[in-house]
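The values are calculated or read from the model by the stated rules, or taken from the named source; none is laboratory data. Model, not experiment: these values are computed from the prediction. Virtual Cβ from ideal backbone geometry, glycine too; neighbours counted across all protein chains shown.
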Amino acid sequence: MNRTRRGEGHPVAQRRIDAFRRRSRLALSLAASALIVAGCSTAPSSLDPRGPAAAEIADLWWLMFWLAAVLFVATLAVLFYGLWRARRRQVDHPPPLSDRTLVVVGGVAIPAVALLIVLVFSVRTGTGLSPTANPSALTVEVIGHQFWWEVRYPEQEVVTANEIHIPVGTPVQLRLTSVDVIHSFWVPQLHGKMDLIPGKTNSFWIEAAEAGVYRGICAEFCGIQHARMQFLVLAEPADQFSEWLAAQQQPAMQASDPVLQRGLAVFFEADCAACHTIRGISMTEATGEVGPDLTHFGSRRTIAAATLENTRGNLGGWVLNPQEIKPGNRMPPTTLDTESFHALLTYLQSLK
Ligand code: CUA
């Protein structure tokens, strides 16, 4: 502790310093709150729906909000009327409503009507959320892992991670499960939540009314990196989606030049292949299933489950020390000499 600070010990000066410190602390906490609020405004909001299911849910939310707002204001009005009567000493005059009427109307009739309205609209929304089964719909399997999302298109034999491409304006059937603990799939702008439960497959669906990138999050606490278990839904026009799907069906790009070949060799030397799959490479198979399939890794927008943008710098930091970025994830740190490290990054980025 610095004991030679100016003014230390003098009572008036000390009070000023204390007041200054209090003000600084207040300013800091206000700034922090402002940052948190600003952060919230960029988070995906279920009140900004971009799909039919999310729109139904948002409508129900607004109905409940306005109903509650009207009843809250009405209750306050009755309260203030009572206070006003008490101040004006009008308590001796009979009130406009008898106690009995007040209890029957305010305590039974109005709540019953309000709850009935909410019940009717909830049931209506609930039925609107279950689409009629469509056997020809595109099916996507989403498998929860601590702390990332495996994404499979079983009929097309496509496997990717943390990124779900869907054609815009079409309901897509989802089959959700988990390999470890319970996770919950939530794309606030497209639909409500659905749990991923180990040993069970839940059916769900999503549909985007307009093309765009929608952030999804894990909505069930699943461990220390729960908050960084996110993903993206990319809703694309039909032709763009088919193009993407066709590209993902291809085996990995062959390592055509010496740097890429060196990168591929490092991938095996550093034991990356023990946990990750790269489909269609000519060397020994890389078929690990602990971490994400990397066959078309370079085509993805993010790494570490939508935690970081998929840039060379972020990828380098992740490969060297993933525990620094997401403590508790299952990827170990990697020690490599500079040349091998850069060759590996170049190779991984080439996997478009
Ligand atoms: Cu997965 Cu929370």
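If the requirement is being out of contact with any His (no Cβ under 8 Å at 6 or more places or on another chain), within 20 Å of GLY192 (Cβ to Cβ) and either not β-branched (Val, Ile, Thr) or not in a strand (DSSP E or B) (or both), which of these qualifies: GLY106, GLY128? Walk me through how you get there before you give the answer.
On the way: GLY106 fails: within 20 Å of GLY192 (Cβ to Cβ).
Within the list GLY106, GLY128, the selection yields GLY128.
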Hey, does the stretch 259-272 have a residue that's surrounded by 18 or more Cβ atoms within 10 Å (Cβ to Cβ), within 16 Å of the ligand (Cβ to nearest atom) and assigned to a helix (DSSP H, G or I)?
-> no
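Filter the stretch 224-238 for residues that are within 15 Å of the ligand (Cβ to nearest atom) and of a type outside the set (Val, Ile, Thr); which is nearest to ARG50 (Cα to Cα)?
Of everything passing the filter in the stretch 224-238, PHE231 is nearest to ARG50 (Cα to Cα).
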Can you name every residue in the stretch 273-301 that is of a type outside the set (D, E, K, R), under 22 Å from LEU232 (Cβ atoms) and crowded, with 19+ Cβ neighbours inside 10 Å?
-> HIS276, THR277, ILE278, GLY291, PRO292, LEU294, THR295, HIS296, PHE297
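Of everything in the stretch 201-223, what is away from the ligand (no atom under 15 Å from the Cβ), closer than 26 Å to THR127 by Cβ and not β-branched (Val, Ile, Thr)? Give them in sequence order.
Step one: filter the stretch 201-223 for residues away from the ligand (no atom under 15 Å from the Cβ), giving 201, 203-214.
Among the residues that remain, those that are also closer than 26 Å to THR127 by Cβ are: 201, 203-210, 214.
Scanning the stretch 201-223 gives SER203, PHE204, TRP205, GLU207, ALA208, ALA209, GLU210, TYR214.
Can you tell me which of GLU150, GLU141 is touching a residue at least 40 places away in the same chain (Cβ under 8 Å) and surrounded by 15 or more Cβ atoms within 10 Å (Cβ to Cβ)? If you could, list the steps in order and put the result at the bottom.
Working: GLU141 fails: touching a residue at least 40 places away in the same chain (Cβ under 8 Å).
That would be GLU150, the only listed residue that is touching a residue at least 40 places away in the same chain (Cβ under 8 Å) and surrounded by 15 or more Cβ atoms within 10 Å (Cβ to Cβ).
Is there a residue in the stretch 232-239 that is in contact with an Asp or Glu (Cβ under 6 Å, 6 or more places away or on another chain), under 16 Å from TRP149 (Cα atoms) and surrounded by 13 or more Cβ atoms within 10 Å (Cβ to Cβ)?
Going residue by residue through the stretch 232-239, those that are in contact with an Asp or Glu (Cβ under 6 Å, 6 or more places away or on another chain) are 232.
Subsequent filtering for residues that are under 16 Å from TRP149 (Cα atoms) retains 232.
Filter again for surrounded by 13 or more Cβ atoms within 10 Å (Cβ to Cβ), leaving 232.
Yes, that holds for at least one residue.
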Would you pick out the residues in the stretch 134-149 that are assigned to a loop (DSSP other than H, G, I, E, B) and under 21 Å from ARG228 (Cα atoms)?
-> GLN146, PHE147
Quick one: would you say ALA246 is more than 29 Å from GLY126 (Cα to Cα) and aliphatic (A, V, I, L, M)?
-> yes
Condition met for LEU63 (farther than 21 Å from LYS193 by Cα, modelled with pLDDT of 80 or more, part of a helix (DSSP H, G or I) and of a type in the set (A, V, I, L, M)) = no
Return the only residue of LEU116, LEU102 being away from the ligand (no atom under 16 Å from the Cβ), over 29 Å from GLN230 (Cβ atoms) and modelled with pLDDT of 95 or more.
-> LEU116
GLN249 versus (1) more than 16 Å from the ligand (Cβ to nearest atom); (2) surrounded by 21 or more Cβ atoms within 10 Å (Cβ to Cβ): which is the lone unmet condition?
-> (2)
Which one of these does TRP244 not meet: (1) within 16 Å of the ligand (Cβ to nearest atom); (2) in contact with a helix residue (DSSP H, G or I) (Cβ under 9 Å, 6 or more places away or on another chain)?
-> (1)
Restricting to strands (runs of 3 or more DSSP E) lying wholly in the stretch 150-200: which have 2 or more residues that are more than 16 Å from the ligand (Cβ to nearest atom)?
-> 158-161, 163-167, 172-178
Given the conditions (1) within 16 Å of the ligand (Cβ to nearest atom); (2) of a type in the set (A, V, I, L, M, F, W, C); (3) touching an Asp or Glu at 6+ places or on another chain (Cβ under 9 Å), and given that LEU138 satisfies all but one, which numbered condition is not satisfied?
-> (1)
Could you please find all residues in the stretch 317-352 being in contact (Cβ under 8 Å) with a residue 40 or more places away in the chain and not in a helix (DSSP H, G or I)?
-> LYS326, PRO327, GLY328, ASN329, ARG330, MET331, THR334, LEU336, LEU351, LYS352
